Amino acid sequence: MDKIIVTGNGPLSGQIPIAGAKNACLALMPATLLSEEPLTLTNVPRLSDIATMSELLQSLGAEVSTLADGRVVAMASHNAENHVAQYDIVRKMRASNLVLGPLLARHGRAVVSLPGGCAIGARPMDIHIFGLEKMGAEIELREGYLHATAPGGLKGAKIALPFASVGATENILMAATLARGTTVIENAAREPEICDLAACLSAMGAKIEGAGTSTITIEGVHRLHGATHPVIADRIELGTYMIAPAIAGGEVELTGGRADLLPAFIEKLEEAGVSVEETQGGLKVARRNGRIRAVDVRTEVFPGFPTDLQAQMMALLCTAEGESTLEETIFENRFMHAPELMRMGAEIEVHGGTARVRGVERLKGAPVMATDLRASVSLILAGLAAEGETIVSRVYHLDRGYEHVEEKLRGVGARIERVKE
Ligand code: UD1
């Protein structure tokens, strides 16, 4: 298994290009199942999660080809006759559950294994099921698989989500595009990835209003046609690399980055003393002198502080002057990076969903283990600011969500290399 070795090397400078959003792409790809005509995505990130989704769609009978060095994914689903998403593929990634809505809309039935993914909490699917049942689906769990049928076809419905789940909103949104009548999703997730999915579905001929607000209205149509859609920028990759100059010092421009994708995160960085400036090509982030100031962070659904940046923010706050509190409200088990950061000299106390971080002047390199996708990258960020060598093992998590992390960080002056074992 590969390891990544990071050696603290002082301030960073230069540019990091931001890729297309993994999470947007993982919802956009299953949308191909809704149409007989081809769907092509551009600005696709080159990640193992994208390869997993391709494999899943192919197992369902879709044709998937990658072009332009992986940046473009062309899909065609006219022969996608299979409606069973097997455990072997689904277990690799929770987002596999996003084929449920499209399969059900297309075939009137779907069998989807309960997903796997990062070990950051229970992550059940009750809200997805609740929404699809409101639309007339009958769903039961047998032998680890959700068996869903829509005997009379899916029907438009008013669905008030008990929690603004991103995945449930996406599944219901996709299913509703082909349902009979009008669906209204209340308390819908408002994440930028939802807006991107709605934009793509609209380009395919869907009738959607209100994406990006808490109420999304979808008027079902008979069929969707083909489209070409550029994937939105990855706000989590953006936020991650914004932390790099904040923790190591220096000034880095994130090309393709947009401030409106991360309002609460940027506010917290600025409160901590980091400068964030919009440029023609993206965002420029700098910490020129002095230590980071402690800040309190609470993860929330969009537009709040994203849970997917909590680990990276914790790494930063480990070096702040003073005591910070991080409250995790989205996932119940998402502080697995804390003990690893403590191996690097961080002072952290975790009580349930709250972590208290007392900043130290300097972290120290250590062998650490990546436990999930965002935790892995938080250890790399910590390594940028640590004295000596940080050796991060189990980096396969990282490859699920960050393309060319070593090249991107080396490009701004970091000392980082991958060692194959
Ligand atoms: C998506 C993102 C993930 C991000 C998360 C929250 C993708 C591929 N992944 O995941 O990176 O961390 O949003 O911003 O887009 N829940 C239930 N029942 C359900 C569904 C969810 O209880 O039916 C709970 C989950 O256990 C979790 C919380 O709701 O505690 C958030 O989940 P959700 O918004 O659905 O996240 P995902 O779509 O899985």
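The values are calculated or read from the model by the stated rules, or taken from the named source; none is laboratory data. Predicted, not measured: the structure shown is a model, and the values here were computed from it. Note that we place each Cβ from the backbone using ideal geometry, even for glycine, and neighbour counts take in every protein chain shown. Calculation scope for accessible area: heavy atoms of the full protein, side chains included, ligands and nucleic acids excluded. Shrake-Rupley method; radii C 1.70, N 1.55, O 1.52, S 1.80 Å.
Taking G205, is it modelled with pLDDT of 95 or more and on the phi > 0 side of the Ramachandran plot?
It is true that G205 is modelled with pLDDT of 95 or more and on the phi > 0 side of the Ramachandran plot.
Residue check: is R190 under 18 Å from the mean Cα position of the chain (by Cα), open to solvent by 40 Å² or more (accessible area, probe 1.4 Å) and more than 22 Å from L33 (Cα to Cα)?
Yes.
Taking helices (runs of 4 or more DSSP H) that fall entirely within the range 332-421, which contain at least 2 residues that are among the basic types (K, R) and under 26 Å from the mean Cα position of the chain (by Cα)?
405-410
Residues in the range 297-316: is at least one over 22 Å from the mean Cα position of the chain (by Cα) and either more than 27 Å from L39 (Cβ to Cβ) or not in a helix (DSSP H, G or I) (or both)?
no
Confirm whether A315 is open to solvent by less than 10 Å² (accessible area, probe 1.4 Å) and closer than 21 Å to A272 by Cα.
Yes: the conditions hold for A315.
Identify, please: which residue in the range 229-253 is under 18 Å from the mean Cα position of the chain (by Cα) and assigned to a strand (DSSP E or B) and is, among those, farthest from R291 (Cα to Cα)?
P230
Pick out the one residue from A164, A160 that is in contact (Cβ under 8 Å) with a residue 12 or more places away in the chain and either assigned by TED's automatic domain parsing to the domain that holds P263 or away from the ligand (no atom under 11 Å from the Cβ) (or both).
That would be A160, the only listed residue that is in contact (Cβ under 8 Å) with a residue 12 or more places away in the chain and either assigned by TED's automatic domain parsing to the domain that holds P263 or away from the ligand (no atom under 11 Å from the Cβ) (or both).
Which of the residues that make up the range 400-421 are open to solvent by 50 Å² or more (accessible area, probe 1.4 Å) and either small (G, A, S) or touching a helix residue (DSSP H, G or I) at 6+ places or on another chain (Cβ under 6 Å) (or both)?
Passing the criteria: G411, R418.
Where in the range 58-144 are there helices (runs of 4 or more DSSP H), lying wholly inside it, with at least 3 residues that are open to solvent by 30 Å² or more (accessible area, probe 1.4 Å) and within 12 Å of the ligand (Cβ to nearest atom)?
Answer list for the range 58-144: 126-134.
Cβ-Cβ distance below 6 Å, separation of 6 or more or different chains: which pairs start in the range 178-192 with a residue that is within 11 Å of F163 (Cα to Cα) and end on one that is modelled with pLDDT of 95 or more and within 13 Å of the ligand (Cβ to nearest atom)?
Filtered contacts from the range 178-192: N187/L161; N187/A164; A188/T169; A189/A164; A189/V166; A189/T169.
Do we find a residue being crowded, with 17+ Cβ neighbours inside 10 Å, among the hydrophobic types (A, V, I, L, M, F, W, C), assigned to a helix (DSSP H, G or I) and within 16 Å of the ligand (Cβ to nearest atom) anywhere in the range 255-262?
yes
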